[in-house]
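Enquirer: Please read through the structure below; I'll follow up with questions.
The values are calculated or read from the model by the stated rules, or taken from the named source; none is laboratory data. In this text the structure is predicted, and so the values were computed from the model without any measurement. Heads up, the Cβs are rebuilt from the backbone with ideal geometry, glycines too, and the neighbour counts pull from every protein chain shown. Remember, those area values only see protein heavy atoms, side chains included, never the ligands or the DNA or RNA. Shrake-Rupley method; radii C 1.70, N 1.55, O 1.52, S 1.80 Å.
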Amino acid sequence: SILGASMINDSQSDIVINWTGGLHHAKKHEASGFCYVNDCVLAILELLKFHERVLYVDIDIHHGDGVEEAFYTTPRVMTCSFHKYGEYFPGTGAASDVGAEDGAGYSINFPMNDGMDDISFVNVFKPV
């Protein structure tokens, strides 16, 4: 993920994919949900070396809690997470979680209930 971000920064590529990336639960001081390092956060930090702002969109079934926590107080990174919510790991990502301090308004959560099908997801995702 860091190499991909570097390639974007160096204009070597417009799009990069890390098929084994997306370890979005790891926190600064703890592993979580099989994630021991948060490659998403590290890639965003690399992008911020050359870009004023980064938009992180997470469409995993689980809330991207580690990424949101890392950037919760900064306006330089907007996190947008579409995820199952309720009694489901990690149990975070309420619609009312919107960031804090200078980052207020830069965390966007779309918590979804059981039973979400493809058409319903597209109807939520596409307008955003």
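Enquirer: Would you point out which residue out of PHE89, PHE34, PHE125 is open to solvent by 60 Å² or more (accessible area, probe 1.4 Å), in contact with a His (Cβ under 7 Å, 6 or more places away or on another chain) and not small (Gly, Ala, Ser)?
Expert: PHE89
Enquirer: Quick one: which of VAL98, VAL122, VAL128 is closer than 15 Å to HIS63 by Cβ and free of Cβ contacts under 8 Å to residues at least 60 places away in the same chain?
Expert: Exactly one residue qualifies, and that residue is VAL98.
Enquirer: Follow-up. I'm checking my understanding of the structure. Among residues of the range 101-119 that are of a type in the set (A, V, I, L, M, F, W, C) and touching a residue at least 12 places away in the same chain (Cβ under 8 Å), which one is nearest to VAL57 (Cα to Cα)?
Expert: Going through the qualifying residues, I end up with ILE108.
Enquirer: Shifting gears a bit: Quick check, is THR79 open to solvent by less than 60 Å² (accessible area, probe 1.4 Å), farther than 22 Å from ALA31 by Cα and in contact with a helix residue (DSSP H, G or I) (Cβ under 8 Å, 6 or more places away or on another chain)?
Expert: no
Enquirer: Pick out the one residue from ILE2, ILE59 that is open to solvent by 20 Å² or more (accessible area, probe 1.4 Å), in contact with a Leu (Cβ under 6 Å, 6 or more places away or on another chain) and not aromatic (Phe, Trp, Tyr).
Expert: So the residue among ILE2, ILE59 that is open to solvent by 20 Å² or more (accessible area, probe 1.4 Å), in contact with a Leu (Cβ under 6 Å, 6 or more places away or on another chain) and not aromatic (Phe, Trp, Tyr) is ILE2.
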